[in-house]
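Bear in mind that the values in this text are calculations on the coordinates, not laboratory data. In this text the structure is predicted, and so the values were computed from the model without any measurement. For neighbour counting, all protein chains shown are included, and Cβ atoms are generated from backbone atoms with ideal geometry for every residue, glycine included.
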Amino acid sequence: MKNELKILRLKENNLDLFIELVTLFNEVFEEYHTIATKEHLTQLLGKPDFCAMAVIKNHMVVGGLTAYELERYYNDQSELYIYDIAVKTELHNQGIGKALIEFLKNYSTNNGIETIFVEAHTEDEQAVKFYEAIFGESEKVDHFNFEVKSAGNTE
């Protein structure tokens, strides 16, 4: 059936789908960043602690997420940090995001990952409501950023 969703973990041979996914993130978040080089994206897809998952519908990427596996030292199980997650705006409230999280939960269960976590800006009410529906009550934390200038970046 052509309207079925297909969810898959992207690997190095899925570079075009990954580029589609990053383009979707830029569109949904209305933050039109540049996209890294194909070489960098391919290298990222090859890292075992990086997950990119895409939702395909009618041969197009309509949603997806990226996440990083964080190995812990308290026990042998990892945590998974969802870095970005998005679904095409016109397809919101159709169960695509929920299906994506269920896929991620199954992936985590099969790969020794004990906890999945994600951050959302409090003012992003739609994201907060989605995460509350999927994960339950939020935990309040303070988040700090420190921008590091690389040796080649003297701005």
Practice problem: Per DSSP H run of at least 4 residues, take -39500 (n - 2.57); add these up for the chain, divide by its residues and hand me the 222 nm value, nearest 500 deg cm²/dmol. | Solution: -10000 deg cm²/dmol
Quiz item: Using unit Cβ charges (K, R positive; D, E negative) and no other charged atoms, how large, in debye to the nearest 20, is the dipole of the chain about its Cα centre?
Solution: 700
Quiz item: Quick one: if you take sqrt(5λ) for each eigenvalue of the C-alpha gyration tensor of the chain, what semi-axes come out, biggest first, whole angstrom?
Solution: 23, 21, 19
Quiz prompt | 10 Å Cβ shell holding at most 16 others, DSSP loop, chymotrypsin sites (Phe, Trp or Tyr not before Pro): longest site-free stretch of the chain | solution = 75-143
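Report relative contact order for the range 66-155 in percent, whole number only (criteria: Cα-Cα under 8 Å, sequence separation at least 6). List each step's numbers first, then the result.
Numbers: 65 pairs, mean separation 22.0, N = 90.
Computed over the range 66-155, the figure is 24 percent.
So what is the relative contact order of the chain, in percent, for Cα pairs below 8 Å that sit 6 or more residues apart?
Values: 192 pairs, mean separation 28.6, N = 155.
Computed value for the chain: 18 percent relative contact order.
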Practice problem: Pick out, in residue order, every one of the trypsin sites (Lys or Arg not before Pro) in the range 1-101 that is DSSP loop and has at most 10 other C-beta atoms within 10 Å; say none if there are none. | Solution: 2
